[in-house]
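Derivation of every value follows stated rules applied to the coordinates shown; laboratory data play no part. Computed from a predicted structure; not experimentally measured. Glycine gets a Cβ as well: all are built from the backbone with ideal geometry, and neighbour counts include every protein chain shown.
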Amino acid sequence: MRLKMEGGKFLINKVWEQNGKYYVYDAQRDTYRKISRGLYDLISEKKEVSNDDVIGEEYRNLQQDGFFRDINIEEFCHPLTDSLEYYLNRKLSLVTLQITQDCNLRCSYCPYTGNDNVNRLHKKKYMDIDLAKKAIDYLYAHSIDSEKITIGFYGGEPLLAFDTMKSVVDYAHNLIQDKLLSFTITTNATLMNREILEFLNDNNFDLVISIDGPKEINDANRVFANVKDSVFNKVMENIEIIYREYPDLFNRTTINMVIDPRFSLDKYAELFNINEAMRKIKVQSTVLDDTYKSIKNHFSDEFMESYYQYKEEMGKFLFEGNNLSDRVSYQLGMPLFNSLFERIINGFDEKWGFSKNICPSGPCIPGATRWMVDINGNFFPCERISETVEENVIGNIEEGFNLEKAKFILNIHNLSKDKCINCFAFRHCDGCIKKYEGCISGNEEQLENECNQIRAGFDNILHDIINFNERYGYYGQ
């Protein structure tokens, strides 16, 4: 998994014009500075900088500040490559059990409903209870240096396998008594009843409920497999019960909202005006993931207009000192813009160069950060990737983790190192095995599209930081 770098010396920076001013971002320093038009022109045209003029002095001053320095890299590898075996042997802390591949919904965007043959489909298959217990045994045996263990339940719809859930939780409580034990479940919340709610409440579950906006949007995308009832109405009924009768469970409940960019964010905001429970519940929101779809997202003018409007509102809320955490626009908007405003408020974590062994920032630690065991006992780095790509399987319950395959995924950027090493978004890349699945199967165009989106995303962050900083003078304060 280690690739030696040849030639070794190069620069990674980006220059741009914005609002009549000129800037440079340097990947080694991981920050930006304002520059003159003259220096901007020289860098843009890749010309030599003279030491004898004002521009040369400006360039030297930036060099003394750590900019424009040669990068000397010996190996292109993740810095935790040599530690991966330790993490997998002694530092496991979380497992997600795919206790069923069955689901009572057929959501239009779900990768298991239809995916152009790049992932599995919903099937009436369930994890054997003995296999589930083996997974808990494996987790516990390899968590020697972890103080906390989390067991997650995933599907399909995991509540279809509620009896298995109960057995696993009981088994885990009896087995794991020397560590902090917690449970989590991601559910569509349509199958909940008193028994289930009592169980989740009594066992201190963290609860993630999927609901995608107001009734007309949610029910257009999220439908029952065999009946024509409203998914939205059923979910809202259960959220109301949790809010009124299980306050502790409600405080551990988060709405996972998938936003369809065909619609304005104002339409989604309507959801939080329905009742008191929705105004108080925690929300995490993401734009619809079209990775496994041949028909890609359409970003409507209405969505883009509302997106920029909400971003501006969030900036005013934060930087003008308004406390609007109880406002609908804050509740919906902050999950979308949280990472951006954290960056604006905290500034870049400025650095003074790369280590000799580096890779882009995207991959998590396969098996240690997130780890899923499917119904057959196969190990996957997480629950969000294709289960039909052989390279994604990093072990099984009988043989344990395959260290070499885990290292391959940890260092997945080796497949595109020549592009990565010249990319200004190097430190802010979220490219992981999911984004490289197309590359593995020979679809280079998919990877190129993913990289373009990552670069565009970081470019937007740089522009936003400058815009808000010019307006409020807040960056890095």
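Below is a table of values for the structure above.
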read-out	value
Dipole magnitude of the chain about its Cα centre (Cβ charges: Lys, Arg +1; Asp, Glu -1), debye to nearest 20	140
Loop trypsin sites (Lys or Arg not before Pro), region 74-160 (other Cβ atoms within 10 Å of the site Cβ: 10 or fewer; DSSP)	124
Cβ-defined net charge surrounding residue 391, 9 Å radius [Lys, Arg +1; Asp, Glu -1]	-1
222 nm mean residue ellipticity, helices alone, for the chain (DSSP H n ≥ 4; -39,500 (n - 2.57); rounded to 500)	-12000 deg cm²/dmol
Within straight-line cross-link reach of residue 351, aspartates and glutamates at Cα separation under 15 Å, skipping those fewer than 8 residues along the same chain	26, 30, 65, 70
Hits among lysines - C-alpha to C-alpha of residue 46 under 23 Å, sequence gap 8 or more where chains match	9, 14, 21, 34, 417, 419
Anisotropy class of region 178-307 from Cα gyration tensor, a/c 1.5 cut	prolate
Normalised per residue, the volume of the convex hull around the Cα set of the chain (Å³)	162
Neighbour-limited loop hits for GluC sites (Glu not before Pro), region 380-477 (at most 15 other Cβ within 10 Å; DSSP other than H, G, I, E, B)	398, 399
Free-standing Cys residues across the chain, given no other cysteine C-beta under 4.7 angstrom	77, 103, 359, 364, 382, 420, 423, 429, 432, 439, 451
Dipole of the chain [Lys/Arg +1, Asp/Glu -1 at C-beta], most positive-end residue of 89, 24, 239	89
Beta bridge orientation in the chain: antiparallel %, DSSP, nearest 5	40
Cα-based reach from residue 296 at 22 Å (exclusive), listing lysines while leaving out same-chain residues under 8 positions away	267, 434, 435
Sites matching GluC sites (Glu not before Pro) across region 61-122 that sit in DSSP coil, with at most 15 neighbouring C-beta atoms within 10 Å	74
